[in-house]
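Structure, as structure tokens:
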Amino acid sequence: MKNRKTIFPMYLSVISLTTLLLTACSEPRNEQAISTPSPTAAPVATAAPSEPFTEEELRQAVLELKDDETDLAQKQEYYERLLAMDAFEEEDYEELARIYGGMGNWQGQRRILYKLLRLYPTVEHAEQLSAVTVYRDDTEEGMTLLAGQITEALELQDAAALKVLTTTGEWRHLLQEDMDAIETRTCYHAGEQTMQVAAGGLTVDITSLDKQGKFMFYREENGRIVLGSATLRDGAYTGDIKVSYFDREGNLTHSIQGTLENGMIVGQVTVAYQGKEYTGTFLEDGTTSEEQLKEVTEQGGVIYAYGPGKKDYLYQENAALADFRIDTAFLGLPEYEEWR
């Protein structure tokens, strides 16, 4: 509030002025009128906890965190800062990989385990890395294009095309993440299709399964290839099946076609071998109904298919008539399990 000046009229006498001044000085002060409010005490500032900075502080901060979603994210940040400080030990790589897995960051988990394996090469670390599955879908353009090429080659049973695809830069980058001499696993989802690829190890395995049970597979091991299609429902193979087998040079050695029931071929089987076609018949229990020749039986073999005019035949060595079946193991069908 501004002080209000009082201007006295010039006609006041000196005596009156003196009287006013004396009166003012003799009157008691009105404390209430002129007192000023007491200053409000300033709030005491609370210091925010400082961010951990040193290696020791970061490790202590990690120990104080839990394993819930919020704390896992914080743990991840602290461990990544330790990694950037080059302050990582073997167990730190393992813990960061565990955190990535808990956060659903499968690629991050695989990459950190690959670093761990390179720095501390052990069988256990290799198995940890190979057990990680990276999940991809049709929102990824590059992966979708590669998956389409794989699917087309599977449908055509084109072993040569599949073998070429496994050597491309796209395959190495998308499915192996440029990791050498270690198996990597990738699960790709697109609509009703689930494709699983194990690559980079001693073998290449590809499986494709849709909601209708259409199953296709490719397996390459030591240069040899098995490629086929079947129907897979509730974990069991059934219905029509065709499996083809190729040598290291990519030449078709033979193929088998038939109908599976309870995991065994029943009814007619057709085998293409060395440019010829052989046929045979199997009973409901999976045993062959073909005529057995004495010379084959004496050698411990079972005839299961004849060529045209029965001039030649195919037989299985070291087998008994009562026991021989063309089942999933004989065909080389994979034991399918969806990776989760």
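Observations on the model:
- D_trans [Stokes-Einstein, Kirkwood Rh over alpha-carbon pairs] for region 187-312, 10 °C, 1.306 mPa s, µm² s⁻¹: 96 µm²/s
- Intensity falloff of region 49-94 expressed as log10 I(q)/I(0), Debye formula with alpha-carbon point scatterers, at q = 0.15, 0.24, 0.26 Å⁻¹: -0.34, -0.87, -1.01
- Long-range lysine pairs (8 or more apart or interchain), the chain, Cα under 30 Å: 19
- Here the label points at Lys310 and Glu291, each 7 Å from Cα along the C-beta direction, are separated by 0.2 nm in the simple model.
- Using only the C-alpha atoms, the convex hull of region 127-212 corresponds to 92 Å³ per residue.
- Annotation: region 206-259 has a Kirkwood hydrodynamic radius of 11.8 angstrom, from the mean reciprocal C-alpha pair distance.
- Zone of Gln107's modelled label, taken as backbone nitrogen in region 128-168 under 16 Å from a point 7 Å along Cα→Cβ: 133-147
- Region 197-325 - charge dipole about Cα centre, Lys and Arg +1 at Cβ, Asp and Glu -1, debye rounded to 20: 340 debye
- Between region 226-267 and region 89-115, the C-alpha centres lie 39 angstrom from each other.
- Solvent-accessible area per residue for the chain (1.4 angstrom probe, square angstrom): 63 Å²
- Ser50 paired with Thr168, simple spin-label distance in nm, labels 7 Å along Cα-to-beta-carbon: 5.5 nm
- Across all Cα atoms of the chain, the radius of gyration (one decimal) and Dmax (whole number) stand at 41.1, 159 Å.
The values are calculated or read from the model by the stated rules, or taken from the named source; none is laboratory data. Source: prediction; values computed, not measured. Using ideal geometry, Cβ is built from the backbone for each residue, glycine included, and neighbour counts are taken over all protein chains shown. Areas reflect the complete protein model, heavy atoms only, side chains present, ligands, DNA and RNA absent. Shrake-Rupley method; radii C 1.70, N 1.55, O 1.52, S 1.80 Å.
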